[in-house]
1. If only one of Thr333, Thr347, Thr354 is in contact with a Ser or Thr (Cβ under 8 Å, 6 or more places away or on another chain) and at negative phi, which one is it?
2. Sort out which residues of segment 7-25 are touching a strand residue (DSSP E or B) at 6+ places or on another chain (Cβ under 9 Å) and open to solvent by 30 Å² or more (accessible area, probe 1.4 Å), and write them in order of number.
3. Would you mind finding the one in Val336, Val305, Val272 that is touching a residue at least 12 places away in the same chain (Cβ under 8 Å), buried (at least 16 other Cβ atoms within 10 Å of the Cβ) and touching a helix residue (DSSP H, G or I) at 6+ places or on another chain (Cβ under 7 Å)?
4. Is it fair to say Arg166 is within 19 Å of Ser71 (Cα to Cα), among the basic types (Lys, Arg) and not in a helix (DSSP H, G or I)?
5. Can you name every residue in segment 266-293 that is assigned to a strand (DSSP E or B), out of contact with any Phe, Trp or Tyr (no Cβ under 9 Å at 6 or more places or on another chain) and farther than 28 Å from Met243 by Cβ?
6. All but one of (1) open to solvent by less than 20 Å² (accessible area, probe 1.4 Å); (2) touching a residue at least 40 places away in the same chain (Cβ under 8 Å); (3) outside any strand (DSSP E or B) hold for Ala102, so report the exception by its number.
7. Could you list, in sequence order, the residues of segment 254-308 that are under 14 Å from Ala318 (Cα atoms) and among the polar types (S, T, N, Q)?
8. So in segment 210-224, with the set limited to residues that are touching a residue at least 60 places away in the same chain (Cβ under 8 Å) and of a type in the set (Val, Ile, Thr), which one is farthest from Pro290 (Cα to Cα)?
Amino acid sequence: MATLAKPNLPRFDVEIFQNEYLADGAREVNAIVTVTATGGGTSGGRPLGLADAAGRGADATAAVVILVDCSGSMDYPKTKINGAREATAAAVDALRDGTAFAVVAGTHEARDIYPGDGTLATASPSTRDQAKQALRRLTAAGGTAMGTWLAKADQLFLTRRDIAIRHAVLLTDGNNEHESAEDLARNIERVTGHFTADCRGVGTDWRIDELRTISSALLGTVDIVAEPSGLAEDFRSMMAGAMGKQVADVALRIWTPANATVKFVKQVAPSVEDLTGRRSEAGPRAGDYPTGSWGDESRDYHVCVEVPAAGVGNEMLAARVSLVLPPQVGGGTPEVLSQGLVKAVWTDDLASSTRISPQVAHYTGQAELASSIQEGLEAHRAGDVDTATAKLGAAVRIAHATGNEGTYKLLQKVVDVVDPKEGTVRFRKNVSEADSMTLETRSTKTVRVKK
């Protein structure tokens, strides 16, 4: 473990968990990288943004844009649009003084209803009251084009380039019917890296894949709120998380020696997220993988590296893993916050080379759990009950074995568990759409290795 403390920054610790011993000629090295951020240095709890790095605007904090679905379907039943108003008001109340913010009404177009002049307001008692008054005028009419909502959020964030921590919340109740999949993809690509976004679907008429695509690209979360009455508490929780962020644009930098390559990088806790395709080159044999904004929290990453084959007695540094701030935040040069080493040692001791790191084994199982649930529910929708039963049976077995009680309870709402250790299950009759969607939406949530 290595820790590098920097002024005005949270403390970042990196721990590496692996079995560094490989059999003669083996090439694949696996490690779990635990990253923990604590405190905020001498910033007094104020997020570090671009203004801090440039020595300007000491009052710059964070920027938040709330994107509220106001399409016609939000009026059926009326509790949805009413719940959206209440939830957005709760989120506005949770904003810290000094936070730049806006509220956008999303239909087949995007309209900023507060402050309404194409800029961001600054949170204070008076602006929060004004925003809540504007919310009372929200009505449901029109279509759904989420890409335009994201583009509008980007435009608003760009009016405050001095703020690095930018966070959007997107709420919808339906499909992206008034925009092509290609247009949505283009808009997502255009705003990726500009801000993070948490996505919420209310009810059961929205598409999980659409919101997961947005939240994954924008390094946020996705969840279902089955009943509109649950929106306000969920929005308060999301705002609390956003207000707790202290530093933005942190990258996981992985350096590998000559002839070694990174096979994959995945976030595996608190949820599964494949970052492999998000790599950007960062110098000779080094690549950066985005991790977004950090507050006081801990995350785990699974790093797999392929190294040149070697004989017994050889050892090498397979990878150096660092947490890095980009130059514009780090004061003109990349700022290394913490780092750890992944090693490889070749041995002829069978017991050493065949032992799997408990952390690696655990998170390999958590990734399999997520895919088993998603594949099982997809097979069930296609009418393939045998495959669905086998996949969800495997999911029950893994959830039970790894202590993922949250997912296990969600599975029990969809299948009757006959034998959890063997993964023997039967599909329940009359499973509600809300229970099925909740299981699929939360399938990527993981639990950590038991101490």
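1. Only one candidate qualifies: Thr347.
2. If the condition is that a residue be touching a strand residue (DSSP E or B) at 6+ places or on another chain (Cβ under 9 Å) and open to solvent by 30 Å² or more (accessible area, probe 1.4 Å), then Asn8, Arg11, Glu15, Ile16, Phe17, Gln18, Glu20, Tyr21, Ala23, Asp24, Gly25 are the ones that fit.
3. Val272
4. No; evaluated as a whole, the condition is false for this residue.
5. Glu281
6. (3) is the only condition that Ala102 fails.
7. Result: Thr256, Asn259, Thr261.
8. That would be Ile224.
The values are calculated or read from the model by the stated rules, or taken from the named source; none is laboratory data. Predicted model, so just to flag it, every value in this text is computed and none were measured. Every residue, glycine among them, receives a Cβ derived from its backbone with ideal geometry; neighbour counts consider all protein chains shown. All accessible areas refer to the heavy atoms of the entire protein, side chains included, with ligands and DNA or RNA removed. Shrake-Rupley method; radii C 1.70, N 1.55, O 1.52, S 1.80 Å.
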